[in-house]
Amino acid sequence: MELVADETATAISLHLSAKVAYRLTTAKDPSRISLTLHHVRAAAGLVMPPPQGIVSGVTEQQQSNGDLRVTIFVDRSLPVHLSWDAAKHSAPTLVVRVDTTRRPVQAAHAPRQSGRDVIIAVDAGHGGEDPGATGHAGVHEKDVVLAIARALAKRISSEPGMHAVLTRDRDEFLTLRERIRRARVANADLFVSVHADSIANSAVSGSSVYVLSERGATNEAARWLAERENAADLIGGVSLADKNKTLASVLLDLSQSANISASMSAAQSVIGALHGVGLVRKPQVQQAQFVVLKSPDIPSMLVETAYISNPAEERRLRSPAQQTALAAAIFSGLRSYFTDNPPAGTHFALAREAHAPAQLAGLGAAAD
């Protein structure tokens, strides 16, 4: 058993001879994490790790039914994540990860100066030699989504406290990872990729919004960790290069989990706004392994604005008025998200702080 901790994360690794079923519970007074491993016996001479970080102690107790209970005492209640990690050890390893930072989600490369604009990377899908989907009347996806992306970027940048950067502003081909790179160079707080869906059934219509799946995040984590010697500032300005493999994995997993959560919240806000301009095909946020969503440190979403394979929607997508309406709806969802979830140091955060005392004073006056 290993315990690794620093100021941002804590991980307890339990090395087993085989994968087993388990049950995790948490409790307070004192704060503790209890992990019950079904039909497991502690190896002879097993030594519990000494206290470190937020962990004040670890105990193990063999149960009469053959289960093994490991109790981890912590100094406060925090989010806990469990996962199997067989890649770095010869035997299956169950890793208990605890995020010790509880800091607001913010893109790693976003500037922190007070009162700054939130920066949104707007990505028009496809382009150049890649036309994307083509409608029955010959309309190319790459053209209509560029028009929508331009309208969205213009609307974002006209709003106080918001600024948009287009990953492409012309008919050019970009690799998926180049799109992510441009968003990171722009110090983006959020990445929005704009597309127009297509399906064989031309009667299908409506919008949908996607964020990265957990499986996609896991695959991308392996890629980033393999290149971590070159990842100087991957997670909130924290280098992975000088971390051991277990802690580097913990930091990356926590960053990806936070980003998927933030992406989901922002996507739900956008879906709600899209209801106002037409049919939403999938009212719940969808999750998929789109490469363009795989930045581990920028919350990201992909918006399928409509089905270009549907003749009626193809006509609407070609209409400047509909392009503007779609852009306005996406913008509305983004603005609502940042109003409720302002990154630290932004115009939105300062506005929220400024309103808080007035609200408290109002409550006090009402009580009088």
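Below are the figures for this structure:
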| quantity | calculated |
| --- | --- |
| Extension reserve of the Ala321-Thr134 stretch, reckoned as 0.36 nm per residue once the Cα distance is removed | 65.3 nm |
| Ordering of 268-280, 164-176, 325-337 by burial proxy (mean other Cβ atoms within 10 Å per residue, highest first) | 325-337, 268-280, 164-176 |
| His347 - accessible surface, heavy atoms, 1.4 Å probe, Å² rounded to 10 | 80 Å² |
| Dimensionless Rg ratio for segment 123-164, taking C-alpha atoms and the 2.2 N^0.38 Å reference | 1.40 |
| Net charge over other residues, Cβ less than 13 angstrom from the Cβ of Pro49 (K, R count +1; D, E count -1) | -2 |
| Gain upon complete extension [Ser56, Ala42; 0.36 nm per residue less C-alpha separation] | 2.9 nm |
| Formal net charge of residues neighbouring Met162 (Cβ-Cβ distance under 15 Å; K, R +1; D, E -1) | +1 |
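The values are calculated or read from the model by the stated rules, or taken from the named source; none is laboratory data. Computed from a predicted model, the values in this text were never measured in an experiment. Note that we place each Cβ from the backbone using ideal geometry, even for glycine, and neighbour counts take in every protein chain shown. All accessible areas refer to the heavy atoms of the entire protein, side chains included, with ligands and DNA or RNA removed. Shrake-Rupley method; radii C 1.70, N 1.55, O 1.52, S 1.80 Å.
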